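Working notes, structure below.
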Amino acid sequence: MESLISRAEALIEALPYMQSFSGRYFVVKYGGQAMVSREMMANVVADIVLLKQVGIKPVLVHGGGKEIDEVMLKLGKEPRFVDGLRVTDDETMEIAEMVLQGKVNRRIVALINRCGVPAVGLGGGDGGLLRARTMPPLAAASGESVDLGRVGEIERIDTALIESLSESGYIPVIASIGAGPSWESLNINADHAAGELAGALRAEKLILLSDVEGVYRRSEEDGFISAIKEKEVRDLIRKGQINGGMIPKVEACLKALKQGVARTHILDGRRKHALILETFTDTGIGTMVTL
């Protein structure tokens, strides 16, 4: 009986959050090691479906970097990154499209559909959703200027298709591929895509699920940061304590906040039901980024 009472109390704790968030957009970015395990993916999908069932309008943006790396290595291509962004030549772009839209997107859509809620897979070119331009060269740590190739930065977002699908009961699942000036495909960092989309939708939350618990000072032993402001983010980037793939994550959070998103979070997607714990409990988990 005590176990049943505990479950009932958990629902009561969640009730005010359900009431507050009903009808609001949550943009969830899903990527990293949390996508590799089928069990982890099933847990994330179950959380997304639950959000939808209680009246929240989830939009899922996904990457697939680990799987892109695997295919590249099989083909004899060495993945290369600058500040967490993949250097993308024409062949790498073809691989990214094949993996993201042809494999990962379809897998996630199928899992959501099996849970009884309809999902629709989208790319940046669908309905002019993510229009982008080619990023200018970046300065690497060595000081050299690096041409990232077919890496895009978003210029314009048309949310009409997402809004129509969400209002009709669907969960949009978006691969991080943008459409360039001539509708050519461009590789968009999934964190950046999610942040821009959250801002365009004026979402209640931007939640970045990855394979890290959140932001740390120096090392895990020195302390996990549960909440961090922009000033400290900039300081830790300058000191090199926030580096690599964490840079696009915190940048996406800060940009989303400046565009009107209410809350941004970086969570460990490997933790079972991380989305539910963050959304419907009083304590929450992960790192919350604020201005």
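The values are calculated or read from the model by the stated rules, or taken from the named source; none is laboratory data. Note that the structure is a prediction, hence the values are computed from the model and not measured. Cβ coordinates were reconstructed from backbone atoms using ideal geometry, including for glycine residues, and neighbour counts include every protein chain displayed.
Each residue in region 206-265 was checked for being closer than 21 Å to Ile56 by Cβ and of a type in the set (Val, Ile, Thr), and 3 pass.
Identification of helices (runs of 4 or more DSSP H) wholly contained in region 188-278 with 2 or more residues that are surrounded by fewer than 17 Cβ atoms within 10 Å (Cβ to Cβ) and modelled with pLDDT of 85 or more yields 230-238.
For region 145-166, a residue qualifies if it is surrounded by fewer than 17 Cβ atoms within 10 Å (Cβ to Cβ), of a type in the set (Asp, Glu), outside any loop (DSSP other than H, G, I, E, B) and touching a strand residue (DSSP E or B) at 6+ places or on another chain (Cβ under 8 Å), and exactly one does: Glu155. For Lys77, the criteria (1) assigned to a loop (DSSP other than H, G, I, E, B); (2) among the basic types (Lys, Arg); (3) in contact (Cβ under 8 Å) with a residue 60 or more places away in the chain hold in every case but one, which is (3). The set of residues in region 88-146 that are within 14 Å of His62 (Cα to Cα) and not aliphatic (A, V, I, L, M) comprises Glu97, Gln101, Gly102, Lys103, Asn105, Arg106, Arg107, Gly121, Gly123, Gly124.
Could you tell me whether any residue of region 257-276 is out of contact with any helix residue (DSSP H, G or I) (no Cβ under 7 Å at 6 or more places or on another chain) and farther than 26 Å from Leu15 by Cβ? Yes, region 257-276 contains a residue that is out of contact with any helix residue (DSSP H, G or I) (no Cβ under 7 Å at 6 or more places or on another chain) and farther than 26 Å from Leu15 by Cβ. Scanning region 29-55 for residues that are within 16 Å of the chain's Cα centre (by Cα), small (Gly, Ala, Ser) and assigned to a helix (DSSP H, G or I) yields a count of 2.
Among the conditions (1) crowded, with 24+ Cβ neighbours inside 10 Å; (2) more than 13 Å from Leu129 (Cβ to Cβ); (3) modelled with pLDDT of 95 or more, the only one that Gly169 does not satisfy is (1). In region 137-144 there is no residue matching the filter, namely being touching a residue at least 60 places away in the same chain (Cβ under 8 Å) and either under 20 Å from the mean Cα position of the chain (by Cα) or surrounded by fewer than 19 Cβ atoms within 10 Å (Cβ to Cβ) (or both). Would you tally the residues in region 281-291 being crowded, with 22+ Cβ neighbours inside 10 Å and under 17 Å from Val44 (Cα atoms)? Count: 1.
To keep it simple, each residue is scored yes or no on (1) closer than 30 Å to Arg238 by Cβ; (2) hydrophobic (A, V, I, L, M, F, W, C); (3) not in a helix (DSSP H, G or I).
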residue	(1), (2), (3)
Glu91	no, no, no
Lys103	no, no, no
Ile108	no, yes, no
Asn113	no, no, no
Val120	no, yes, yes
Arg133	yes, no, yes
Pro172	no, no, yes
Gly178	yes, no, yes
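Against the list (1) over 22 Å from Glu67 (Cβ atoms); (2) modelled with pLDDT of 95 or more, the condition Ser182 fails is (2).
Listed here are the residues, each with its yes/no results for (1) within 29 Å of Ile242 (Cβ to Cβ); (2) at pLDDT below 95; (3) crowded, with 24+ Cβ neighbours inside 10 Å; (4) in contact with a helix residue (DSSP H, G or I) (Cβ under 9 Å, 6 or more places away or on another chain).
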site	(1), (2), (3), (4)
Val27	yes, no, yes, yes
Ala42	no, yes, no, yes
Ile48	yes, no, yes, yes
Gly64	yes, yes, yes, yes
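Give region 153-212 a look and list any residue that's polar (S, T, N, Q) and in contact (Cβ under 8 Å) with a residue 24 or more places away in the chain, or say none. Within region 153-212, Thr159, Ser166, Ser176, Ser185, Asn187, Asn189, Ser210 meet the criteria.
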